[in-house]
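Please treat every number below as a calculation from the coordinates, not as lab data. Model, not experiment: these values are computed from the prediction. When we count neighbours, we look across all protein chains shown, and the Cβ atoms used for this are built from the backbone with ideal geometry, even at glycine.
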Amino acid sequence: MGDDRFGELKAKAASEGLTSDEADELGRLYAENAGEPYTDAKSGSDADVVSQDQEGQERRKLEAADQAEATQERDRSQGFAPGEPGEPK
């Protein structure tokens, strides 16, 4: 049954497209055939979302620190004293 449904979904995907539920089913069948776990977008855990949010926040902090460092270096190389306003933005 699984192989028949797998072939049916692959053919439908190539010809007319799949519904979201059919796409999830096809993804699950691909994962089963590969012996890998499958999770769709709907089944992602809240822990995954929190983890991604924390990673995003950390990345933004690092980017802000890099920007501040680049601004300090620019001001230093242009002869501005620390804390002295640079050219208007």
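Quick look at the values:
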{"quantity": "Net charge over other residues, Cβ less than 14 angstrom from the Cβ of L18 (K, R count +1; D, E count -1)", "calculated": "-3"}
{"quantity": "Vicinal HN-Hα couplings computed from phi for the range 19-34 (Karplus, 6.51 cos²θ - 1.76 cosθ + 1.60; Hz; Gly/Pro x)", "calculated": "6, 4, 5, 5, 5, 4, 5, 5, x, 5, 5, 4, 5, 4, 5, 8"}
{"quantity": "Rg to Rh quotient for the range 2-43, alpha carbon positions, Kirkwood Rh", "calculated": "0.97"}
{"quantity": "Protection-proxy order for peptides 23-36, 56-69, each taking the mean of Cβ atoms within 10 Å per residue, highest first", "calculated": "23-36, 56-69"}
